[in-house]
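See below for the structure under consideration.
Bear in mind that the values in this text are calculations on the coordinates, not laboratory data. Being a predicted model, the structure only gives us computed values, none of them experimental. Neighbour counts are summed over all protein chains in view; Cβ atoms, including those assigned to glycine, are modelled from backbone coordinates with ideal geometry.
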Amino acid sequence: MSKLLGFAGNDDFCPGGSIYTNPKEPSLFLSLGNHADAFFNPRKRSRISGTFVFSEEGFEQKKPVSIDVLPDECLFEIFKRLPGGEERSACACVSKRWLTLLSNIHRDEFCSNTTNLSLNPQDEVTGNKDQEVESCGYLSRSLEGKKATDVRLAAIAVGTASRGGLGKLTIRGSNSGRGVTNLGLRAISHGCPSLRVLSLWNMSSIGDEGLCEIANRCHMLEKFDLSQCPAISDKGLVAIAKKCPNLTDLSLESCSNIGNEGLQAIGQCCPNLKSISIKNCPLVGDQGIASLLSSVSYVLTKVKLQALTITDVSLAVIGHYGKAITDLVLTSIPNVTERGFWVMGNGHGLQKLKSFTVTSCQGVTDTGLEAVGKGCPNLKQFCLRKCLFISDSGLVSFCKAAGSLESLHLEECHRITQYGFFGALSTGAKLKALAFVYCLGLKDLNLGLPEVSPCQSLRSLSIRNCPGFGNAGLALLGRLCPQLQHVDFSGLEGITDAGFLPLLENCEAGLVKVNLSGCVNVTDKVVSSMAKLHGWTLEMVNLEGCKMISDAGLVAIAGNCPLLSDLEVSRCAISDFGIASLACADQLNLQILAMSGCPLVSDKSLPALVKMGQTLLGLNLQHCKAISSSTVDRLVEQLWRCDILS
């Protein structure tokens, strides 16, 4: 064959040798028989799904190309050039890796010179205006419990960056397995430089590093709330102070590693601080409080100190440097003595103080209280809780000294008797609200009281859970306080109709809100008299637990109280007839009706309740055993705008 065709073998035809270095390769293209000189029709080529690459060793299948093979640096540069927020959010949904990379890009690092595809110049201007308005927004996000993770914070940072960034962030609690760490705060700092309000509660895995990230990039921070974050120390707070000069509100609670150094930095670097609250921080002492208050004495208006180891020195500093303080709260300060309150009152610095609350401070005595009254000429609201050493004389002296006092609240001050109570009434020329809660010394006395002048300014009177207060004191109140509008006598089991009726008859201004819950000896006679004498002014009546109130009282209310909107008759002796009387009243427009635990109210009240449903917004039917579940279901169906408890 070679001689016939004129060539001498394979080498003459192909001088360089066979084109196939691998003898198996020809079979990939042609299927030849066992003899090289025999010709066969080619067989059908097998289907190959993959891509093949020609090489010396054969055809190799190529792996699918993916952008994930790019290193983070390349992806970082690509993401920086994304044109808008929608594209960035879409990329963030691809994987956690992409989300992490996008969240680590600061908002200023995104390339702003992207090509504008708008054909109309007006569209470009409009777009810029919209972006400016959006950037002035005040977006708010809150994460609690299991939802508080770094991944969610990264998603929030990327998703809100294109809409002006996050303005308020609250994180309460932490996921035990994947809780918020410093990486989450880092993502927020990169994507939300306009953050103004940050609240961190129960964050054991967040330390100074995360707080420094916030400080380095969120310079617009104004309000900072830190609670139960043991890993954060003075270092983190100092960073916030130095980098966030616009801080106006600071709250620290149960932060065991924050002490005087952090407070000193806040005082020196935050000239706009207006409110400070410190609770249960054992390292905070007199040095930190003194440095803080002396530095911001002309702007700080609200101070709250609770469960601290400070002494009389801090109170002396407050009394001298608190020139702008309007609200002061002192709670559970065991190391403060009578001297501290006396010096604070005589410091003459609390001229603008309007509200003062003292709780569980055993250093408060009659002498210190009188000094505070004299040193605070503009004090309008005073609240005293669990201070056992205040007596009648101290209370009366304080009321005489505090000439601008309008509201007085005493709770668990057991040395105060009726002498102090009526003495405060007679000396408080501007007193508008008076409240005594659980004061065991306040009881009817058989001894005659001295002459007491009427208190024409009093509008609100609350005597709650003082078991010794009875008819004698109540009748005297009626003569001394003719302008009462709000009365709360809840829990006074000793008062009866004989004591309450004189009060009703002497109130000239007209009662608006009356709370008699727990007054088990009050009967329908009081309710009828109250409805007739004050029906045109009554708006809220609470008769919960008054077991002697029956349908007669509801009939009187239905016919005389057109302005009544809130009625509480739970655990009273009312029945279906009383509910029907309320429904038949043409002028009555109740919005809230509570009749929990009324066994005489049954399914027969369904038509009446449906009729009242035209105005009702809230209905309490709990523990009404005579009302079936089917009736409740019908009420829920027909009273669609009313919240029903059953």
For the pair S251 and R641, what calculated FRET efficiency results from E = 1/(1 + (r/R0)^6), where r is the Cβ-Cβ distance and R0 = 45 Å, to the nearest 0.05? 0.70
Given pairs K354/K443; K304/K386; K168/K274; K352/K430; K235/K304; K147/K168 and cut-off 25 Å on Cα-Cα distance, the over-length ones are K354/K443
Amide H neighbours of N620 at under 5 Å, excluding residues fewer than 5 places away on the same chain, with H built from the backbone geometry, are L593, A594, M595, L645
Karplus (6.51, -1.76, 1.60) ³J(HN,Hα), θ = phi - 60°, over region 427-434, in Hz, Gly and Pro reported as x: 8, x, 5, 10, 5, 10, 9, 9
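Can you give the local net charge around K304? Use residues other than it whose beta-carbon is closer than 15 angstrom to its beta-carbon, Lys and Arg +1, Asp and Glu -1. Present the calculation step by step, with values, prior to reporting the outcome.
Working: positive: K223, K274, K279, K302, K354, R385; negative: D225, D249, E253, D327.
Overall, the nearby charge balance is +2.
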Report the full-extension gain for the segment S453 to E508: residue separation times 0.36 nm, less the Cα-Cα distance, to one decimal in nm. 18.1 nm
Using θ = phi - 60° and the Karplus relation 6.51 cos²θ - 1.76 cosθ + 1.60, list the HN-Hα couplings for region 217-223 in order, rounded to whole Hz, with x at every Gly or Pro. 10, 9, 6, 8, 4, 10, 10
Of the DSSP beta bridges with both residues in region 232-351, give the percent that are antiparallel, rounding to the nearest 5. 0 percent
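Which of the trypsin sites (Lys or Arg not before Pro) across region 515-614 are loop residues per DSSP, with 16 or fewer other Cβ within 10 Å? Show your work: numbers first, answer last.
On the way: sites: K525, K532, K547, R571, K604, K611; in loops: K547, R571.
Here the sparse-neighbourhood loop sites are K547.
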The simple spin-label model distance between D586 and K547, using points 7 Å out along Cα→Cβ, in nm, is 3.9 nm
Would you kindly state how much longer the chain becomes between A498 and S275 on full extension, computed as 0.36 nm times their sequence separation minus their alpha carbon distance, in nm to one decimal? 75.4 nm
Whole-Hz couplings from phi, Karplus 6.51/-1.76/1.60, listed for region 384-389; x for Gly and Pro: 10, 10, 6, 10, 7, 9
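For region 523-645, what is the Kirkwood estimate of the hydrodynamic radius, computed as the reciprocal of the mean inverse distance between distinct Cα atoms, to one decimal in Å?
Values: mean 1/r = 0.0713 Å⁻¹.
By the Kirkwood definition, the hydrodynamic radius is 14.0 Å.
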Based on the alpha-carbon set only, what is the convex hull volume of region 428-528 divided per residue, in Å³? 96 Å³
